[in-house]
1. How far apart, in nm, are the 7 Å Cα→Cβ label points at Ser182 and Ala242?
2. Determine the percent antiparallel among the DSSP beta bridges restricted to the chain, to the nearest 5.
3. Per DSSP helix of 4 or more residues, -39500 (n - 2.57); summed, then divided by the residues of the chain. What does that give at 222 nm, rounded to the nearest 500?
4. Taking a ≥ b ≥ c as the square roots of the Cα gyration tensor eigenvalues, with a/c under 1.5 meaning rounded and otherwise prolate when a/b beats b/c, else oblate, which class fits the chain?
5. Report the antiparallel proportion of the DSSP beta bridges in the stretch 164-323 as a percent, rounded to a multiple of 5.
6. Taking a 1.4 Å probe, which of His239, His232 shows the most accessible area, and what order do the others take after it?
7. Taking a cut-off of 13 Å between Cα atoms, list the aspartates and glutamates near Lys93, but don't count ones fewer than 8 places away on the same chain.
8. Could you tell me which of rounded, prolate or oblate describes the stretch 90-230, using a ≥ b ≥ c as the square roots of the eigenvalues of the alpha-carbon gyration tensor, with rounded for a/c under 1.5 and, failing that, prolate when a/b is larger than b/c and oblate otherwise?
Amino acid sequence: MSQTLAEKFYYLMKLGREFEIRCKEEYLKGNISGFLHLAIGEEAVHVGAVVGFGKGDLFCPYREHVLALARGVDPRLIMAELFGKATGVSKGKGGSMHLYEPKLDFYGGNAIVAAHLPHAVGAAYARKLMGEKAGVLCIFGDGATNNGTFFESINMASLWEVPVLFLCENNYYAIGTHVSRSSALKDLYLKARDYMPTEVVDGMDVFAVYEAVVRAKGYIEEYGKPYFIEAHTYRFEGHSMADKGDYRSPRELEMFRKKDPIDLLVKRSLREGWLTEEQLRLIDQKVEAVVEESVEFALNSPEPSEEELYTDLYCGVCSDVIP
Ligand SMILES: Cc1ncc(C[n+]2csc(CCOP(=O)(O)OP(=O)(O)O)c2C)c(N)n1
């Protein structure tokens, strides 16, 4: 079991890491524009949570490439979306912050901090009304817990008893503001403790995240009620490509780099005999090929047509404007 999981975790975390390193390169070449928020350093939370939760709806914030990959969204369609191409997962109209794949119950990618929390509660309410058990996984950052919609959402989820797992990814920063300068309560799980069961996990340890999420999923399925996890993690890059992240000291960065979630998984897997050097090398080769193929696909894909500007809108108003 641990062996199979270790292999799956390593593949998805490494895919997420290499995919994002390549995104950074393509952004610098000018192939990707707009916003680009990387999750390098946070792969254990994203992969552990998505694999652990399994079936159910997934709502997430704008730092969602690795979450989409872990969910099974085709890497080629994600890369094409980042390139703004018609073949992209959101037809090239969403970009990095708006990856969306309803076929996989992936409703993530939201630009407005904490705006997806009420959506997640609404979806969980709908699931409950339909008599479904699977529930909803809702991921958000530490900064989001200072937003009014956070408190409204945990209140309604608790009051209505809906199956939603709130997963707070505490990477200590909201853009350049440290959590100690924005939150009166530094232990973020305390904000939810009076409403639902809470726990804190080491977000650099993919097994710890996975196990906590499996536990939480069992709870929300059995009782149909919400649950809250705070995962401690770190982003190695700036907030977005527009941010160097130099409000953090080299010492702090160094300290967290020693806890690189992929390095930790590799060391543990070799020590426990779950994976060999040879297996790791083969997975690396596969990852390299998948990333390369996704860039080729994106480069060779067409731009969206002009008519696309008028599709997938909320109402028919724009149909009068089509040239
Ligand atoms: C409602 C709202 N307020 C402010 C912003 C500007 N903004 C974009 S990202 C961000 C920081 C959010 O930090 P956090 O929730 O911790 O997520 P992280 O970037 O660390 O993953 C802010 C304030 C926004 N997008 N939406």
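1. Placing both labels 7 Å beyond Cα along the Cβ direction yields 1.5 nm.
2. Just about 10 percent of them are antiparallel.
3. -14500 deg cm²/dmol
4. rounded
5. 15 percent
6. Per-residue accessible area, sorted high to low, gives His232, His239.
7. Glu81, Glu303, Glu306, Glu307, Glu308, Asp312
8. rounded
The values are calculated or read from the model by the stated rules, or taken from the named source; none is laboratory data. Not measured: the values here are computed from a predicted model. All Cβ positions, glycine included, derive from the backbone under ideal geometry; neighbour counts span all protein chains shown. Ligands, DNA and RNA are excluded from the accessible area calculation, which covers all protein heavy atoms including side chains. Shrake-Rupley method; radii C 1.70, N 1.55, O 1.52, S 1.80 Å.
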